[in-house]
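Beneath this line is the structure, given in structure tokens, with notes to follow.
The values are calculated or read from the model by the stated rules, or taken from the named source; none is laboratory data. Quick caveat, the model's predicted, so the values are computed rather than measured. Cβ atoms come from the backbone with ideal geometry, glycine included; neighbour counts cover every protein chain shown. Ligands, DNA and RNA are stripped out before the accessible areas are found, and what is left, the full protein with its side chains, is counted by its heavy atoms. Shrake-Rupley method; radii C 1.70, N 1.55, O 1.52, S 1.80 Å.
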Amino acid sequence: MFQNGTDDRIDAQTYPMTAGELRERLGTEELELCEGTETVEEILDRLQCDETFETPEDVRFTLYGGVSERAIGRKGYSDRDPTPTGSPHAPDTLSF
């Protein structure tokens with residue numbers, strides 16, 4: 001979910017809505033990222049988006065998918081990667 005009321009403004013629009021209409025109505029809305037902000041217009045321009053959005057969810061998914069690497073936080077970090085062999089943080093080996 002976006003902060004600062006952007007979600008509410010996306011929900012309040014009339015759909016279907018073209019990318020041009022979205023730029024016109026919400027282009028200056030700023031989305032807060034881990035490392036700064038981006039506007040809706042910057043994201044749509046990066047994607048070269050010219051589609052028609054049928055629902056507010058379509059807009060959200062497009063914006064989520066289009067944010068820059070400033071939204072990542074720690075690049076390359078994953079809490080799902082296996083612990084490397086020999087790491088002091090590895091669990092004890094079990095033998096059966």
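Please identify which residues in the range 35-61 have an amide N closer than 13 Å to a label point set 7 Å out from the Cα of residue 9, following the Cα→Cβ vector. What the label zone holds, given the 13 Å backbone N cut-off, is 38-42.
Shown is the FRET efficiency for residue 41 and residue 96, computed with R0 = 41 Å from the Cβ-Cβ distance and rounded to the nearest 0.05: 0.10.
With a Förster radius of 30 Å applied to the beta-carbon distance between residue 33 and residue 87, the computed FRET efficiency rounds to 0.45. Expressed as a whole percent, the accessible area of the range 1-46 that falls on carbon and sulfur atoms is 42 (1.4 Å probe).
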